[in-house]
Amino acid sequence: MTRKIVSTGRGGTGKSTFVALMSRYLSPPSLLIDLDPDLSLADMLGIDLTKVGKRTIVEALYDAVKERQRGGSPLTPVEDRFKGFMWGDCLYEGRGFDVITLGTKDMEGCYCFPDHLLRKTISELSKNYKHVVIDSPAGLEHLNRNIVSQIDDLFVVLDPSDKSLIHIKKVKAILKEVGMMYDHFYLLANYMFDEEAEKYFKEAGEIYLGKIEYDPKVEEYNLKGEPLNKLPEDSPACRSVRKILEKAGLI
């Protein structure tokens with residue numbers, strides 16, 4: 001049975017870093033879904049989507065719409081055209097994990113239709129994977145989209161600020177409002193936490209799994225464009241993420 005995992009939090013807390021490091025420990029096959037318009041997850045995994053000939057969900061949808069406007073059969077829904085593009089053009093198949101990205105909106109209106117298609121895509125694709133991991137964009141809007149209605153493990157990555165405490169409450173409120181169900185709600189501290197801040201969040205009333213330790217090599221690899229899955233196993237960041245996943249029962 002597929003285990004659905006979501007990484008969320010405020011901007012700059014390290015959500016994508018957490019997902020990239022997580023990918024090296026989850027038993028394959030796993031599907032990683034990047035909902036962040038910055039497309040940073042693929043870079044952290046060492047995947048050049050353009051070089052390998054893969055497109056984003058939004059790009060595939062745009063082409064599906066344009067194809068129909070150019071005179072294709074009006075009886076063929078855009079959704080069916082999109083699926084034809086998606087399976088061959090959007091899904092990157094790697095070793096141990098596959099990747100698919102939402103992309104940057106370049107069409108008029110909101111993300112509603114791409115989200116609708118992605119929701120159906122996740123439902124269909126998830127049957128082929130042990131884990132589906134979603135790297136969320138900053139903020140809370142993605143929760144309102146309700147792309148995944150049932151979550152097994154929800155990780156909220158925090159920075160040491162009062163705004164993070166407020167963010168926790170907002171996340172739970174939105175989940176309840178949109179009817180999104182979850183089995184586990186976890187708090188994670190990013191590398192900026194000190195002992196005092198950790199103690200404060202341990203008493204927040206939620207399950208606190210620990211801190212993603214600071215590792216200068218993470219910054220170095222990101223600057224050089226090196227994939228984080230090449231970090232040495234004794235990396236502080238890797239060791240801490242592995243420990244967090246063990247606590248969550250994911251490995």
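The values are calculated or read from the model by the stated rules, or taken from the named source; none is laboratory data. Remember, predicted model here, so these are calculated numbers, not experimental data. We place every Cβ from the backbone using ideal geometry, glycine too, and count neighbours over all the protein chains shown.
Values as computed for the structure displayed
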read-out: Pairs with Cβ under 9 Å, 6+ apart, first in segment 24-52 and farther than 20 Å from Lys130 by Cα, second polar (S, T, N, Q) and in a loop (DSSP other than H, G, I, E, B); value: Asp36/Ser136; Pro37/Thr104; Asp38/Thr104; Leu39/Thr56; Leu39/Thr104; Leu49/Thr56
read-out: Pair list, Cβ under 7 Å, 6 or more apart: segment 205-229 residue in contact (Cβ under 8 Å) with a residue 24 or more places away in the chain, other residue charged (D, E, K, R) and in a loop (DSSP other than H, G, I, E, B); value: Asn229/Arg24
read-out: Among the candidates Asp183, Asp234, Asp215, residue that is in contact with a Pro (Cβ under 7 Å, 6 or more places away or on another chain), among the charged types (D, E, K, R) and closer than 20 Å to Met22 by Cβ; value: Asp215
read-out: Scope segment 222-251; condition touching a helix residue (DSSP H, G or I) at 6+ places or on another chain (Cβ under 8 Å), part of a helix (DSSP H, G or I) and either at pLDDT 95 or above or of a type in the set (A, V, I, L, M, F, W, C) (or both); matching residues; value: Leu228, Ala237, Cys238, Val241, Leu245
read-out: Segment 40-64, residues that are crowded, with 19+ Cβ neighbours inside 10 Å, part of a loop (DSSP other than H, G, I, E, B) and over 16 Å from the mean Cα position of the chain (by Cα); value: Leu49, Lys54, Arg55
read-out: Among (1) touching a Phe, Trp or Tyr at 6+ places or on another chain (Cβ under 9 Å); (2) buried (at least 20 other Cβ atoms within 10 Å of the Cβ), the one test that Tyr221 misses; value: (1)
read-out: In segment 185-218, the residues that are touching a strand residue (DSSP E or B) at 6+ places or on another chain (Cβ under 7 Å), modelled with pLDDT of 95 or more and loosely packed, with under 15 Cβ neighbours inside 10 Å; value: Ile207
read-out: Verdict on Ala237 being of a type in the set (Gly, Ala, Ser) and surrounded by fewer than 19 Cβ atoms within 10 Å (Cβ to Cβ); value: no
read-out: Segment 1-39 - residue that is of a type in the set (Gly, Ala, Ser) and part of a loop (DSSP other than H, G, I, E, B) and, of those, nearest to Leu143 (Cα to Cα); value: Gly11
read-out: When residues of segment 137-175 are limited to those that are at pLDDT 90 or above and part of a loop (DSSP other than H, G, I, E, B), the one surrounded by the most Cβ atoms within 10 Å (Cβ to Cβ); value: Asp159
read-out: Qualifying residues in segment 100-124 (those that are at pLDDT 80 or above and aliphatic (A, V, I, L, M)) - the one nearest to Arg10 (Cα to Cα); value: Leu102
read-out: Lys163 being under 25 Å from Asp43 (Cβ atoms), basic (Lys, Arg) and over 20 Å from the mean Cα position of the chain (by Cα); value: no
